[in-house]
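The values are calculated or read from the model by the stated rules, or taken from the named source; none is laboratory data. Here the structure is a predicted model, which is why all the values come from computation and not from measurement. Backbone-built Cβ (ideal geometry, glycine too); neighbour counts: all protein chains shown.
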Amino acid sequence: MAAAEKLLEFQFPATSAHLCTVREKLREVLGSCSPSEELLNCIVLAVGEACMNIIEHAYCDDDAGDIILEIEKQGDNMIFRLTDFAHRKSSKEEMKSRPLEEIRPGGLGCHIINEIMDEVQLIECNSDCGNVLQMKKKLEL
Amino acid sequence: MKSKLSAESNYDVLELSGEIDLHYSPELREMILGSLKDGKSLLINMAEVSYIDSSGIASLVEGFQTAKTAKLSYGLLKISSPALQVLTLTRLDRVFTLYDTAEQFQSHL
């Protein structure tokens, strides 16, 4: 297995105002890997959705903190890791898609992430708080 | 996100451009629901939308449901390729009525 090459580590406050900067960073890093425009848009969308889930669901009520986005390249695979420091632990159950037949606002983020990414994994972390979500996508150049 | 709401004789046109994410989707929701509350049908021009996430889509869905309940016409005009990509992923391209021209929308009023 090829060694992972770290392309980015970016820490930012978990607020909606910072999502735009996250997309800029993703486009910058992914652009150098030359995926198709469509794939690039999809990856930016999926990582944005994962950040939004952390902002809305992990950090909730009065809890606030940062998110760390790490991007690694391992052979043809891109690995996106999001670490938060929320007091609330996310569950694997929450990462499942909801039935799309129900036409209602909301709840589409996990479906988008699962549809775009090849692997989505909540990594167990030993500390009392925080979540680590790892997403993997093979680049079709 | 930038937006411009204009009134035609029997419907409103909401022109959207730029990126629509969690930061802007509450504003989008307010504009859509505000327009429908006045009892006018709504056509949303999405030709210049370069990015939309699930929170923006949720605002569009809420508008769709509100319009349906109020028996008003509601459509998306000239949807951009990035926005269509998200609608296709969420299979909402089969739910919304997509128009290439405003005349097509007018003929459905």
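Residues are listed down the side, and each one gets a yes or a no for (1) modelled with pLDDT of 95 or more; (2) assigned to a helix (DSSP H, G or I); (3) more than 14 Å from chain B (Cβ to nearest Cβ):
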position	(1), (2), (3)
A:Ile43	yes, yes, no
A:Ile67	yes, no, no
A:Phe80	yes, no, yes
A:Glu94	no, yes, yes
A:Leu100	no, no, no
A:Ile103	no, no, no
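Just the residues that are basic (Lys, Arg) and without any contact (Cβ under 8 Å) to a residue 24 or more places away in the chain, please, taken from the range B:4-36.
Within the range B:4-36, just B:Lys4 meets the criteria.
When the range A:1-37 is examined, which residues are found to be out of contact with any strand residue (DSSP E or B) (no Cβ under 6 Å at 6 or more places or on another chain) and within 17 Å of B:Ser54 (Cα to Cα)?
A:Thr15, A:Ser16, A:Ala17, A:Leu19, A:Cys20, A:Val22, A:Arg23
Could you please find all residues in the range B:31-75 being within 13 Å of chain A (Cβ to nearest Cβ), of a type outside the set (A, V, I, L, M) and more than 11 Å from the chain's Cα centre (by Cα)?
B:Ser50, B:Tyr51, B:Asp53, B:Ser54, B:Ser55, B:Gln65, B:Thr66, B:Lys68, B:Thr69
Please state which one of B:Tyr74, B:Tyr51 is within 22 Å of A:Ile43 (Cβ to Cβ) and aromatic (Phe, Trp, Tyr).
The unique qualifying residue is B:Tyr51.
Counting only residues that are within 14 Å of chain B (Cβ to nearest Cβ), surrounded by fewer than 18 Cβ atoms within 10 Å (Cβ to Cβ) and of a type in the set (Gly, Ala, Ser), how many does the range A:105-130 have?
2
Quick test of your reading of the structure: A:Arg27 fulfils all but one of (1) in contact (Cβ under 8 Å) with a residue 40 or more places away in the chain; (2) in a helix (DSSP H, G or I); (3) more than 9 Å from chain B (Cβ to nearest Cβ); (4) charged (D, E, K, R). Name the failing condition by number.
That leaves (1) as the condition not met.
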